[in-house]
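Shown next, in structure tokens, is the structure this report addresses.
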Amino acid sequence: MKRLALILLLLGPVAAPAWGADTAVDDLFKQGKAALAAGKLDDALHLFEQIITGHPEGSNRWPEAQLNITMVLAKKGDLAEAAKAAHIYLDAAQNLQAFDSAAIMTANILSALDKNVDRANQLLVFAQTGPSGGATNPMDAIGYPSLPEREAAFATMRQQAGDDANASRLRAATYLFTGKPKDALAQYADAFRRSANNPDLTRSGSDLVLVGLRAVQGHRAGLDQAVSFMVYGASGPDGKPGTPDDLTDPFAKVVPAAPPVGEGGLAQLSPADLATLRQVRDAAQLYAGDPLLVIETRRAALAALIRATCALDGWGAPGQKDWYLQLAFRPRSDEQLLLTGAELAAKGRELTLGPVQALWTEIDAAVTAQNLAPSKGRDEVRKQFGTLCDSFNKIQFPKTAPKPLKAPAKF
């Protein structure tokens, strides 16, 4: 049982939370705003930048810090750099409402920079409709700021982030906040591949489309179809290819091919870490599949197996789905964990839940063919999957039409 103890010790993520992080970030915001009120603009810039470079555990506050940086630059009269900073803020918007607000703010900065509203209004049209509205993205010519200190801090963050979905999302943020949306999208895809539960999948799926894909394309048009693809796959809601509800893969041309299965994904794991994780995975699978062990031991081993597979970015390996399904249909099995593993194995490397939809059709056929009794565990896992899909299908895509600017803004 010593080997199992090692498995259980390795269940947690590599990176531990930093206690007191909220207080530290709040203090920096207070100091930055006080410096701004006192007219100490360079001090304010430094303090807001510290929130981003020094606090990975506060990455949810980075957009707010970037907004403050943008506005301080505009207040200083450095509108060219303010526009570049706004470009990062625009990319990093965490939902559509934030994106719409960021587009308006960025348009105002462009108008002040140009002393006319032409590019500003071009941006407002492009942000809503993309190229289909006849506009091009004026932010392409603006570019991004040079941020060598941020780059150095982020390189360390990426190395220390860990190997779960949260770590991938942090890495994505480090790329967004240095003007690399394509690299950020790759990390959001990595997070989706290694997500192991509904909360992680909900967050990773939303980030994949509403942040990562939207940042790369620079506009919000077509995101509703991208969410539908993520839920149903190319065959659409009816699950049948070649029918009117078929969907186009929005990720095919913009997301790089995934690394080989089981090699750690984009987590930059060392050869020693990979070797240890593979030992944990193999040992956990041995325990989980041993019918002579008590169910509590098998359940702990299953949890460790799922955790190790996520860390390795190992979902979708050959035979993996069938292994989980065969065990799930045995008497005295932990059906819920096994069916969850089967779902993750079915999803595999895909950036869609379509294969999981197909899996449940397969499970229904197996239940009928084997004349299996109704199961609360099976029903619960299916219900949870339905809830996950519903959460995506309920995302709102309100059509907004910001009023064009009539005169340049002043800062």
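For the stretch 212-231, give me each residue that is in a helix (DSSP H, G or I) and of a type outside the set (S, T, N, Q). Give the derivation first.
Initial filter on the stretch 212-231 (in a helix (DSSP H, G or I)): 212-217, 223-231.
Those that are in a helix (DSSP H, G or I) and of a type outside the set (S, T, N, Q): GLY212, LEU213, ARG214, ALA215, VAL216, LEU223, ASP224, ALA226, VAL227, PHE229, MET230, VAL231.
Closer than 27 Å to LEU45 by Cα and out of contact with any helix residue (DSSP H, G or I) (no Cβ under 8 Å at 6 or more places or on another chain): is that true of ALA152 in this structure? For ALA152, the condition - closer than 27 Å to LEU45 by Cα and out of contact with any helix residue (DSSP H, G or I) (no Cβ under 8 Å at 6 or more places or on another chain) - is met. The residues in the stretch 182-197 that are within 24 Å of ILE51 (Cα to Cα), touching a residue at least 60 places away in the same chain (Cβ under 8 Å) and touching a Lys or Arg at 6+ places or on another chain (Cβ under 9 Å) can be counted, and the count is 2. Going through the stretch 95-107 one residue at a time, which ones are in contact (Cβ under 8 Å) with a residue 40 or more places away in the chain, surrounded by fewer than 20 Cβ atoms within 10 Å (Cβ to Cβ) and either in a helix (DSSP H, G or I) or hydroxyl-bearing (Ser, Thr, Tyr) (or both)? Of everything in the stretch 95-107, those that are in contact (Cβ under 8 Å) with a residue 40 or more places away in the chain, surrounded by fewer than 20 Cβ atoms within 10 Å (Cβ to Cβ) and either in a helix (DSSP H, G or I) or hydroxyl-bearing (Ser, Thr, Tyr) (or both) turn out to be LEU96, ASP100, ILE104. Tell me which residues, restricted to the stretch 136-160, are farther than 14 Å from THR106 by Cβ and either among the polar types (S, T, N, Q) or buried (at least 16 other Cβ atoms within 10 Å of the Cβ) (or both). Correct list: THR136, SER146, LEU147, ARG150, ALA153, PHE154, THR156, MET157, ARG158, GLN159, GLN160. Selection of the stretch 341-368 for residues being more than 14 Å from LEU325 (Cα to Cα) and among the aliphatic types (A, V, I, L, M) yields LEU351, LEU353.
Of the residues ALA366, ALA346, ALA358, ALA284, only one is outside any loop (DSSP other than H, G, I, E, B), farther than 30 Å from LYS180 by Cβ and modelled with pLDDT under 95; which? So the residue among ALA366, ALA346, ALA358, ALA284 that is outside any loop (DSSP other than H, G, I, E, B), farther than 30 Å from LYS180 by Cβ and modelled with pLDDT under 95 is ALA366. Selection of helices (runs of 4 or more DSSP H) fully inside the stretch 109-176 by the criterion of at least 2 residues being among the charged types (D, E, K, R) returns 118-129, 148-160, 165-176. If you check ALA317 against the conditions, is it part of a helix (DSSP H, G or I), within 23 Å of the chain's Cα centre (by Cα) and surrounded by fewer than 21 Cβ atoms within 10 Å (Cβ to Cβ)? Criteria not met by ALA317. Being charged (D, E, K, R) and either assigned to a helix (DSSP H, G or I) or within 19 Å of THR156 (Cβ to Cβ) (or both) is the filter; apply it to the stretch 32-68 and report the residue that is modelled with the lowest pLDDT. Checked the stretch 32-68; the qualifying residue modelled with the lowest pLDDT is GLU57. In the stretch 370-400, the residue that is farthest from TYR232 (Cα to Cα) out of those that are of a type in the set (A, V, I, L, M, F, W, C) and surrounded by 10 or more Cβ atoms within 10 Å (Cβ to Cβ) is LEU372.
On the stretch given as the stretch 267-295, residues that are buried (at least 16 other Cβ atoms within 10 Å of the Cβ) and either more than 21 Å from ASP190 (Cβ to Cβ) or touching a Lys or Arg at 6+ places or on another chain (Cβ under 6 Å) (or both) total 7.
Okay, residues lined up against (1) acidic (Asp, Glu); (2) free of Cβ contacts under 8 Å to residues at least 12 places away in the same chain; (3) out of contact with any Pro (no Cβ under 6 Å at 6 or more places or on another chain):
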residue: PRO244; (1), (2), (3): no, yes, yes
residue: PRO250; (1), (2), (3): no, no, yes
residue: LYS253; (1), (2), (3): no, yes, yes
residue: PRO256; (1), (2), (3): no, no, yes
residue: PRO271; (1), (2), (3): no, yes, yes
residue: GLU296; (1), (2), (3): yes, yes, yes
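The values are calculated or read from the model by the stated rules, or taken from the named source; none is laboratory data. No experiment lies behind these values; they were computed from the predicted model shown. Please note: Cβ atoms are built from the backbone with ideal geometry, for glycine as well, and neighbour counts cover all protein chains shown.
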